[in-house]
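Engineer: Handing you a structure now.
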Amino acid sequence: MLQQSAQFTDSQISAWDELIIEAVHDSLGALSDMSGQQIHAELVKPYKIDVTAIPDALGGADKVAVAVLLGIEHIPSFHIALVHSPAAAFTVVDIMLGNPPGSTTDLGELELSTLGEMGNIMGTFFLNKIGNTTGYQLRPTPPSVRMDMTGAVLDYAIASLMMETDEVTMIEAKYGTNTVQVDGVFAVMPSPQLQTLVMDSWGVK
């Protein structure tokens, strides 16, 4: 059973979802500067699932995924993860480094560093969007990059989230250049503490 819908009104949830979509758009758009190429993105409307259903939503607990994960300083239960299949993550690295498609076939030090820097840029723009609309200064934690089965790749984030809520917001994204696109999933694991700050600053009831 989802707890969050009982804590916030429909108007508050709608306002939060709109803010999250805008923040994801801003974070993906920021990759244009990193890659030196225009990045386009198409997003699916956010949908909410029980936190225990995350592995199934990402293709099954035994499916391997690559996750770029970060949080917010001083709000330990808030996490953002951008999750790809390994093949999609390799393509993302090629886009970011300006390599011909298919150049990356593994995640070595350079590739992990590239995904981490991508996460750092996206996290900063994501939180700047929230901060600019609320007046709060929010800083991302250093990103971590993990490749593991979906049942394990977000285990820490899921465990900390479940201490406050059992809901996660999923946003499917197709993004890339004019010639190369990849599919990814944003898992926004919101802290009720942060959501309350946003709603209070907006005066949304």
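Please treat every number below as a calculation from the coordinates, not as lab data. Keep in mind that this is a model prediction, so the values were computed, not measured. With ideal geometry, Cβ positions are generated from the backbone for all residues, glycine too; neighbour counts draw on all protein chains shown.
Engineer: If the cut-off is a Cα-Cα distance under 20 Å, which aspartates and glutamates reach LYS129, setting aside same-chain residues fewer than 8 apart in sequence?
Structural biologist: Reachable aspartates and glutamates: ASP17, GLU18, GLU22, ASP26, ASP33, GLU42, GLU73, GLU117, GLU172, ASP200.
Engineer: Extension gain ARG139-ASP106, at 0.36 nm per residue separation less the Cα-Cα distance, in nm?
Structural biologist: 8.9 nm
Engineer: Computed FRET efficiency, Cβ-Cβ of ALA53 and SER11, R0 25 Å: what is it to the nearest 0.05?
Structural biologist: The value I calculate is 0.45.
Engineer: Run the dipole for the chain about the Cα centre, Lys and Arg Cβ at +1, Asp and Glu Cβ at -1, nothing else charged, and hand back the magnitude in debye, nearest 20.
Structural biologist: For this selection, approximately 260 debye.
Engineer: Net charge around GLU117, counting only other residues with Cβ within less than 13 Å of its Cβ (Lys, Arg = +1; Asp, Glu = -1)?
Structural biologist: Within the 13 Å Cβ shell, the charges total -3.
Engineer: For each of HIS79, HIS74, count neighbouring Cβ atoms within 10 Å of the residue's Cβ, then give the residues from fewest to most.
Structural biologist: Result, fewest neighbours first: HIS74, HIS79.
Engineer: Taking the Cβ of GLY59 as the centre, find all other residues whose Cβ is under 15 Å away and add up their charges (Lys, Arg: +1; Asp, Glu: -1). Intermediate values should be presented prior to the final figure.
Structural biologist: On the way: positive: LYS63; negative: ASP56, ASP62, ASP148, GLU172, ASP183.
The answer is -4.
Engineer: Any idea how far apart LYS63 and ILE75 come out in nm if each label point goes 7 Å out from Cα toward Cβ?
Structural biologist: Modelled inter-label distance: 2.9 nm.
Engineer: Next up: Grab the DSSP H runs of the chain that are 4 residues or longer, score each as -39,500 (n - 2.57), total them, divide by all residues and round the 222 nm result to the nearest 500 deg cm²/dmol.
Structural biologist: -13500 deg cm²/dmol
Engineer: Further question on the same structure: Residues of the stretch 100-136 with the amide nitrogen closer than 18 Å to a label point 7 Å from the Cα of THR177, along Cα-to-Cβ, please.
Structural biologist: Within reach of a label on THR177, which here means backbone N under 18 Å from a point 7 Å along Cα→Cβ, the stretch 100-136 contributes 100-105, 111, 114-115, 118.
Engineer: Could you tally the net charge around LYS174, taking each other residue with its Cβ under 15 Å from the Cβ of LYS174, Lys/Arg +1 and Asp/Glu -1?
Structural biologist: Residues close to LYS174 contribute a combined charge of -2.
Engineer: Give the order of PHE126, PHE90 when sorted by the count of other beta carbons within 10 angstrom, beginning with the fewest.
Structural biologist: PHE90, PHE126
Engineer: Among the aspartates and glutamates, select those whose C-alpha is under 15 Å from the C-alpha of LYS63, and discard any that sit fewer than 8 residues away in the same chain.
Structural biologist: Partners found: ASP148, ASP155.
Engineer: Additional query: Assuming R0 = 22 Å, can you tell me the calculated FRET efficiency for the pair ALA87 and GLN38, based on Cβ-Cβ distance, to the nearest 0.05?
Structural biologist: Computed FRET efficiency for ALA87 and GLN38: 0.45.
Engineer: Here's a follow-up. Could you point to the label whose value was computed as Rg/Rh (Cα atoms, Kirkwood Rh) for the structure here, given (i) 1.04; (ii) 1.00; (iii) 0.95?
Structural biologist: Among (i) 1.04; (ii) 1.00; (iii) 0.95, the one calculated here is (iii).
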